[in-house]
Amino acid sequence: MKRTVFSLLIMLWGATACLHAQTETGTIDSLKQQIQLAEKQQTSREKLTELYQSLGAEYETLNHDSSYHYLQKGLALYPQPAFHEEGYLQLVNSLANYWFMEGKMEQAKETFKTVAAHACKLKERQYDLEGVVESSIGVCYRKLGMFDSAVYHYNRAIDFCKKAGKPEDVSSTYYNIGVLYHLHKRYEEALTQGLLSAEYARKAHDELMELYANSLVGASYSKLGKYEEACHILKTNIHKALAIQQPLLAMGSLCPLLSTYQLWNKKDSVRTVLRKGEELIRQIPRNSPTALEFYSTQASLYQWIGEYQKSLQILTDNPLIQTQVPYDKFHTLLARNYEGLGNYQKAFEHLQDVCVYQDSIFNGTIKDELSELNEKLRVSDKELKIARLEKEQVQEKEIRLRNTVYFSSVIFLLLVMIFILLHKRKLQKKETELVAAQQYIEGLENERKRLAKDLHDGVCNDLLGAILQIQQQTSSEALKIFTLHTLEEIRSSVRAISHELMPPNFQFANLNEMLADYFSKMQEISGVIIHYVPHPQINWLHISEYIGYEIYRILQETIGNVLKHAHASFIHIQLNEQDGELRIDVQHDGQWEQPTEPAKGIGLRTIHDRLKTIGGNYELKTQGKQISMHIQVHLHGKNHGFR
Amino acid sequence: MTGTKANILLVDDHSLILQGIRHVISQMSEIDKVCTASSGAEALSLINRQPFNLYVLDVELPDTNGFDLIEKIQQKYPDARILINTMHEEIWILKRLTKSPIHGAILKSADIHELTLAIQTILKGGNYLCKRFKSILNRLQAEEQLKEQLTLREMEVLQAIAKGYNTREIADLLHVSGNTIESHRKSLMSKLEAKNAVDLVLKAIHLGIIPLDCK
């Protein structure tokens, strides 16, 4: 029984959601003055229509007759129906609301449908109007118990509201859907819809709509057993409604509050709130859905506290309650009262009616429809989320793409730079190799030149001389002696050249021994005293073969040059090692043939190149025609050059 | 070897030299048979067939190194007697020869008598080194023996002494005082461990510090 009463309340109170709220008297007066002024000034029909429509709407919840009067005045402006004008359609919509408030659901539904049929043909579509009308049609169908049609129109309402993008309309539609859920005892979903409705109402700054939404939230909490939360929300709602002089809205929250106390089994609270309700009911139209809702609640509560006669009286005095309460619930309440009063015959008759009604498979179909609606809403929410996520993904992709392009460009530039550097280095290397090859070839050519010169100037001349001498010799013995002597000289000369060219082998002798041997032989061949003074501290084993080879060749070149060009009788060569550096001093007592250009000779260039490869350097000191040379070589450092 | 005549193997890639040496050796009374080979492979073929009383080898052969050939002969005949006959007088080759298991070494440019003397000496069980090689090795030893190297000025003084100048003449030549020259002279005597000026010059020539025909 408790559930029945509460559902009735919700139905009645939900019906008001699509209606405009009560307005203050000041607004009505102002509108009346504006109409008078407009009529005097013969203002346009559109403006007058708007004013009459507004005034009718203002009276909608206060005085039905007045509302109807002004709406008819507005319609009278049109000798022929003008469904192509928005103002006219707004008037018809308000008229439909009037029928609704009068409880004439069929008439209201048809009028709303007329508006809907023409609203879609307007030059400029008014999706907000279409949404509100579709939602109203849904409510009418719900009132008429045609829940499938109600669901269909709610669906359409949602689509239009989304297109219109007006949060107040979205709030209203969510609210109506929530009420439908509530009627079908799907309180969790009803709560969700109520909360959404309240959220959109807040966005739209629609205080009245927020109050409606909160009353649905409170009722849902109540059904979910959260009585404290429910009572808190509903009491707050009542206070707020009274503060803004909206007794109708206050009553809208008062009915679910009563049901909550009933469920909570707080009879004292029920009696207190009932008294409050009985005071407030006088301030609202007697036949308004809210008033009818209160009467049904009142009847239900009197039945609950055992005052069956009082309850029965209320039900029979207000037959319009049947327009607000489902058939089965109304008759169940009647049956309980008759049962309480001992009139079992009557009670049985009413219960029989209820049973026949409830046998209908209609409810099952509606539940399926509701599930579909719920699913649609969820899908819609998910679609929104997916759209948001997709947008985020697109943004992320853009950022990623931008970063990829940026990094790719940087990497590409780096690669290009590296490629250029490597190419440059390759070119440099090639150039160096080319220079080295040229130097090598030049060196070979110089050596060939020198060898050719030595052979030509030495051996060839000796042989030529020998031939001339032999031709002049008459005595055979003298010829023999001379020939042998000459051949020995030539052999010695060739041997000297060969020895000069022979590459030293460091496996069996060190640099010191080689130099000593070489200088000794040169002294022997040239007759010039070559004084070789190696410092005893030099560690010959530490001198690498590579450096040793170059030093050997450098000193060969140096001594060879001195012997050839300086006409020296004495050459002093001193070797010393200090701080990892080999220092060589070459002094002689001769005089250079061309003292001004000693550095231009091939010999010095060879010395320079050889020193370069082992990281050494040399210095020439000239004193008059005397030239001394000082050479320095790092023994343990990193040598340069190539080999 | 006394009483019996020796068989000799001559190895040299220069046919003229090979024929020349063969001619000289063949005339020696101590020699019975002279075999010749102009390459390492040919020599090894002969060695594998029979041992010889003496092997006269060149260190430079077209197909192998003379030192490798010495090693192979030594492996086959540990008591083999080997005489090296070479054109090379480079210090590194000479030093290597001194470390090889040979009984003698001569230069091809040496006197023919040196060759016959070397063969005779080795066949008698002795060792032989030609004068040139001896001289080089002596100089090497002398350098090692020389306690302290001579200074530039000491060399100048030594040269002047070798030319027969007296102290005053040397002092005039080098633009220094007589006392300074005397001091250098004493130092030279000490370093070369000489008793007088004649001994000083002889030792200097012997050690190769100054040549015989010093200018």
Return the total of residues in region A:482-506 being surrounded by fewer than 12 Cβ atoms within 10 Å (Cβ to Cβ) and of a type in the set (A, V, I, L, M).
1
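Which one is nearest to the other protein chains (Cβ to nearest Cβ), of the residues in region A:542-553 that are in a helix (DSSP H, G or I) and of a type in the set (Val, Ile, Thr)? Write out each step before concluding.
The first filter runs over region A:542-553 and keeps only residues in a helix (DSSP H, G or I), leaving A:542, A:545-553.
Cutting the leftovers down to of a type in the set (Val, Ile, Thr) gives us A:547, A:551.
Numbers: A:Ile547: 17, A:Ile551: 15 Å.
Checking each candidate, the answer is A:Ile551.
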Name the residue that is nearest to the chain's Cα centre (by Cα), counting only residues in region A:487-541 that are in a helix (DSSP H, G or I), within 8 Å of chain B (Cβ to nearest Cβ) and of a type in the set (A, V, I, L, M, F, W, C).
A:Met514
Do any helices (runs of 4 or more DSSP H) lying entirely in region B:99-215 carry at least 3 residues that are more than 14 Å from chain A (Cβ to nearest Cβ) and either surrounded by fewer than 20 Cβ atoms within 10 Å (Cβ to Cβ) or charged (D, E, K, R) (or both), and which ones are they?
B:112-123, B:167-174, B:178-191, B:197-206
Criterion (at pLDDT below 80, in contact with an Asp or Glu (Cβ under 8 Å, 6 or more places away or on another chain) and more than 14 Å from chain B (Cβ to nearest Cβ)) met by exactly one of A:Gly458, A:Gly443
A:Gly443
Just to be sure I understand, how many residues within region A:58-103 are under 55 Å from the mean Cα position of the chain (by Cα), of a type in the set (Phe, Trp, Tyr) and either within 25 Å of A:Ile284 (Cα to Cα) or surrounded by 22 or more Cβ atoms within 10 Å (Cβ to Cβ) (or both)?
5
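Please pick out the residue among B:Leu200, B:Leu129, B:Leu115 that is in contact (Cβ under 8 Å) with a residue 40 or more places away in the chain and touching a Leu at 6+ places or on another chain (Cβ under 8 Å).
Numbers: B:Leu129 fails: in contact (Cβ under 8 Å) with a residue 40 or more places away in the chain; B:Leu115 fails: touching a Leu at 6+ places or on another chain (Cβ under 8 Å).
Answer to the selection: B:Leu200.
Mind listing whichever residues of region A:473-499 are in contact with a helix residue (DSSP H, G or I) (Cβ under 8 Å, 6 or more places away or on another chain), of a type in the set (Ser, Thr, Tyr) and more than 24 Å from B:Glu90 (Cα to Cα)?
Taking region A:473-499 first, the residues in contact with a helix residue (DSSP H, G or I) (Cβ under 8 Å, 6 or more places away or on another chain) are A:473, A:479, A:482-483, A:486-487, A:489-490, A:492-494, A:496-497, A:499.
This time we only want the ones that are of a type in the set (Ser, Thr, Tyr), so: A:483, A:486, A:492-493.
Passing the criteria: only A:Thr483.
The values are calculated or read from the model by the stated rules, or taken from the named source; none is laboratory data. Just so you know, these numbers come straight off a predicted model, no measurement behind them. Ideal geometry is used to build each Cβ from the backbone, glycine not excepted, and the neighbour counts take in all protein chains shown.
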